[in-house]
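Taking it in order: structure first as structure tokens, then the write-up.
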């Protein structure tokens, strides 16, 4: 850091780890969110004051402890008139202390299977606090004029999860060589990948995107179902052996030439430009099956961080049942595929059985192995989809032309989604959606290049 004399921090267990100012900024920003303030720039300015205070009060030869840093944060918040934020930080600090005490008394009983449920509970709690626990609530936010505020609140909540994921990487920055961002189709992996790389750039992290899709076998070698359709959704369509070999070579400092897969022809056509990791660079992999163990077999756990994305929306429909996350992702994919690939929405709908089968077999079972789960749900997106899609699902649900006559599963899915959209008020002013919003990955006009 440029503004501090210390370079490391002493953890509670005595371990000495590299210091990063981003951890302080994140702590202040989270406390600000909890107290109703939402200003990242202010959090950055306060961080500089915390560092200045530590430099002033600490011996120049000493590194601060975690407790000393937290004491400094409290003081700076109070001195600058941020009493509510200081209170939120103190409460958060106390909660963490209680958690540590409980773990010491009972032993660390946290299990991987508990991670997803924790995220579901967080999402539900957020929905309750932001009046979006049901479609009726969502409609009221349109009626009372607070829908633009909901957009902002949703984006800020997503950003907080990006920050938490970034913290996970920072903690292990010295040993990590690969960061994997996985998750089911249309869960927002690409935007999440871009945002994490963007967020950590100022901390000296340099990521090299690595495109696993180039390792698809030629289309004729893909699995085929009973309908004779080729399946892109299964890891069996990927040349895992070659991918493993290339990843190992990259981590050994060697150069590789990844294949190039042409989606228009469905074939591998030569190779891409050579790839080689320089010192300090980290591979960044965005892949459906990034958590599927054979994908990175042989690579030590210490060398990789695994992140998982899923729109963990907690909102009830008119019938009282919770809206399914897979239905949210289906809508996203239909809109994106039509816009970017010119794909017939009905074709995307009929293909969804591949998506779900692969997810249930190769993606969701591995979610618990992730180092962090990122909730990519955007409670404001349903009214936007209602405006964009219109009566498309209604046509499929009614099945007037018998297009889904012999596909009961797809017909039932269409009716379920139609029932959701049919009871939602549309929103047509897309100007309230930021250019860097995750939703822009699907609706277009994003400030990011996909």
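The values are calculated or read from the model by the stated rules, or taken from the named source; none is laboratory data. Note that this is a predicted model, so its numbers are computed, not measured. So basically every Cβ, Gly included, is an ideal-geometry build from the backbone, and we count neighbours across all protein chains shown.
Structure notes:
- Of note, residue 354 does not satisfy the criterion of being under 29 Å from residue 404 (Cα atoms) and in contact with a strand residue (DSSP E or B) (Cβ under 8 Å, 6 or more places away or on another chain).
- Qualifying residues in the stretch 295-347 (those that are more than 22 Å from the chain's Cα centre (by Cα), in contact (Cβ under 8 Å) with a residue 40 or more places away in the chain and outside any helix (DSSP H, G or I)) - the one nearest to residue 177 (Cα to Cα): 299
- Test set (1) assigned to a helix (DSSP H, G or I); (2) farther than 24 Å from residue 97 by Cβ - residue 38 fails condition number: (1)
Results for (1) within 29 Å of residue 164 (Cβ to Cβ); (2) at pLDDT 90 or above, shown as yes or no for each residue.
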| residue | (1), (2) |
| --- | --- |
| 230 | no, no |
| 233 | yes, no |
| 245 | no, yes |
| 249 | no, yes |
| 256 | no, yes |
| 290 | yes, yes |
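- When the stretch 270-290 is filtered for residues that are touching a residue at least 60 places away in the same chain (Cβ under 8 Å) and either surrounded by 14 or more Cβ atoms within 10 Å (Cβ to Cβ) or in a strand (DSSP E or B) (or both), the ones remaining, listed by number, are 275, 277, 281, 282, 283, 284, 285, 286, 287, 288, 289, 290.
- Wholly enclosed helices (runs of 4 or more DSSP H) of the stretch 366-450 bearing at least 2 residues free of Cβ contacts under 8 Å to residues at least 12 places away in the same chain, in the same structural domain as residue 306 (by TED's automatic domain parsing) and more than 16 Å from residue 328 (Cβ to Cβ): 392-398, 408-422
- Test: residue in the stretch 42-65 that is buried (at least 17 other Cβ atoms within 10 Å of the Cβ), under 29 Å from the mean Cα position of the chain (by Cα), assigned to a helix (DSSP H, G or I) and modelled with pLDDT under 90: yes
- Test for residue 86: is it assigned to a helix (DSSP H, G or I), surrounded by 20 or more Cβ atoms within 10 Å (Cβ to Cβ) and modelled with pLDDT under 90: no
- Screening the stretch 162-269 for strands (runs of 3 or more DSSP E) wholly inside it with 3 or more residues that are surrounded by fewer than 15 Cβ atoms within 10 Å (Cβ to Cβ), touching a helix residue (DSSP H, G or I) at 6+ places or on another chain (Cβ under 8 Å) and assigned by TED's automatic domain parsing to the domain that holds residue 378 returns no ranges.
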